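Here is the structure we will look at, set down as C-alpha cells.
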Amino acid sequence: GLRLAEKAFALDQAPYITDTLAEASFQNGKLQRAVALEEDALKRSKRRNKSFFRTNLKRYRQALRNQKPKM
C-alpha cells in the first residue's frame, strides 16, 4: 500500500492523495512523516474536508506522542 501511495503522490499531491500517503505512512510506523503529510493535506484542503483531515492529524499526533523513544 505504501508503494502505491508513493506512486500516486508522485503524480498528484492533491489533499486526498496526500492523506492516503499519510495513512500508509502511519500504518508503516512512519509517524512523523504521517503528521507532516496530514498537516500539508489539511492546509491545502477545502473547507468541507477539513474536519476529516483534522481527525486523522489528531490520531497521528497522539500515536507520535505515545511512541516509545528509540534507544
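Odds and ends about this structure:
- Helical runs (DSSP H, four residues minimum) scored at -39500 (n - 2.57) apiece and divided by the length of the chain put the mean residue ellipticity at 222 nm at -24500 deg cm²/dmol.
- Gained length - Asn66 relative to Leu11, 0.36 nm times residue gap less alpha-carbon distance: 16.5 nm
- Label-to-label distance, nm, for residues given as Asn28 and Arg48 (7 Å Cα→Cβ offset): 3.1
- Restricting attention to the chain, the count of lysine pairs at 8 or more positions apart or across chains with alpha carbons under 20 Å apart stands at 8.
- Mean projected area of the Cα convex hull of the range 8-71, taken over all directions, amounts to 4.4 nm².
- Rounded percent of accessible protein surface that carbon and sulfur make up, the chain, 1.4 Å probe: 54
- Rounded accessible area per residue of the chain, 1.4 Å, Å²: 74
- Degrees between helix 31-44 axis and first principal axis of the chain (Cα, 0 to 90, nearest 10): 30
- Each Lys and Arg contributes +1 and each Asp and Glu -1, all at the Cβ; summed about the Cα centre of the chain, the dipole is approximately 340 debye.
The values are calculated or read from the model by the stated rules, or taken from the named source; none is laboratory data. Just so you know, these numbers come straight off a predicted model, no measurement behind them. Don't worry about glycine lacking a Cβ; one is built from the backbone with ideal geometry, like all the others, and counts go over all protein chains shown. Surface areas here come from the heavy atoms of the whole protein model, side chains and all, with no ligands, DNA or RNA. Shrake-Rupley method; radii C 1.70, N 1.55, O 1.52, S 1.80 Å.
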